[in-house]
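Undergrad: Below you will find the structure I want to go over with you.
Only the coordinates and a few stated rules stand behind these numbers; no lab work does. Because the structure is predicted, anything quoted here is derived from the model rather than measured. As a convention, Cβ positions derive from the backbone with ideal geometry for all residues, glycine included, and neighbour counts pool all protein chains shown.
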Amino acid sequence: MVATSRQSKSAKLVGFGAPSEFGAHLFKVTIPPGRSGLVVLSEEYGFLAGLDGVPDRDIRSKLDRSKWTPLADVSRKNFNARLRANGSSPGTWKPQDNLLDRMLGKELAVLMWAAEWASDSQIETVCGKWDALRPEERWWLYAMTSAEAGLAEEKDRGWRLALFHALSDGKGSRVSRPKIVERDKQETLGLFS
């Protein structure tokens with residue numbers, strides 16, 4: 001279920017299950033008005049900011065507005081079904097700051113990361129495969145990806161590329177793969193020489 005089940009029934013929630021109290025750890029999606037610009041996903045640490053070097057926020061993804069609409073549709077349907085099942089009010093995406101429960105934010109990060117390299121024809125596949133994942137699987141993917149390449153500018157390496165290939169079938173990718181450097185055939189380790 002949605003992570004909001006751990007909160008008391010009297011807690012006020014906003015957006016997509018985000019706690020309304022000041023200083024909560026949550027995610028924020030900033031959607032620009034119109035059809036252009038970047039949709040920005042940030043993790044807002046609230047009262048955790050400044051403790052043991054935790055920043056105020058981390059920008060997790062910046063996605064072109066043209067790719068956002070299909071992602072918005074699939075995530076809204078998925079999140080709202082789970083929020084309703086938990087007795088919470090559904091959320092809507094608006095051209096402004098949109099708040100999310102931190103676990104839902106992690107799931108959205110996985111979707112946005114997988115869509116970064118996707119062509120228009122691959123977006124539907126990415127959305128469908130993301131929707132088929134269980135929340136726990138998305139949380140695990142988020143943990144693995146954010147540990148290595150979880151900031152917006154780290155989209156061209158490691159787990160971020162793996163998410164794209166896993167959720168898009170890797171067909172017709174526009175990703176330039178890193179060149180494999182061949183070792184000198186004369187080079188050997190001391191153990192084998």
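Undergrad: Give me the three principal axis extents of the stretch 14-80 from the C-alpha atoms, as integers in angstrom, largest value leading.
TA: 38, 24, 17
Undergrad: Need the full-extension length gain, GLU154 to LYS12, defined as separation in residues times 0.36 nm minus the C-alpha distance. One decimal, nm.
TA: 47.7 nm is the gain from fully extending GLU154 to LYS12.
Undergrad: A further question follows. So between ALA49 and TRP140, what do we pick up on full extension, going 0.36 nm a residue minus the alpha carbon distance?
TA: Difference between extended and current length: 30.4 nm.
Undergrad: 7 Å from Cα along Cα→Cβ at both ASP97 and ASP64: what's the point-to-point distance in nm?
TA: If labels sit at ASP97 and ASP64, their model points lie 2.8 nm apart.
Undergrad: Spin-label point model (7 Å from Cα, Cβ direction): what's the SER89 to LYS129 distance in nm?
TA: For SER89 paired with LYS129, the spin-label model returns 3.7 nm.
Undergrad: For the pairs LYS28/LYS62; LYS106/LYS129; LYS12/LYS67; LYS12/LYS129; LYS106/LYS155; LYS77/LYS129, note any where the Cα-Cα span goes beyond 21 Å.
TA: As for pairs spanning more than 21 Å Cα to Cα, those are LYS12/LYS67; LYS12/LYS129.
Undergrad: May I ask you to list the trypsin sites (Lys or Arg not before Pro) in the stretch 22-128 that are in a DSSP loop and have at most 13 other Cβ atoms within 10 Å of their Cβ?
TA: Answer in residue order: ARG35.
Undergrad: Something else: How many percent of all Cα-Cα pairs in the stretch 45-119 sit more than 22 Å apart? List each step's numbers first, then the result.
TA: Details: 894 of 2775 pairs.
Here the long-distance tail beyond 22 Å is 32 percent of all Cα pairs in the stretch 45-119.
Undergrad: Shifting gears a bit: Hey, if you put +1 on the Cβ of every Lys and Arg and -1 on every Asp and Glu Cβ in the stretch 1-133, which of SER119, ALA11, SER36 ends up farthest toward the positive end of that dipole?
TA: Result: ALA11.
Undergrad: Something else: Test of understanding: extend the Cα→C-beta vector of SER121 to 7 Å, then name every residue of the stretch 142-172 with backbone N under 15 Å from that spot.
TA: 168-172
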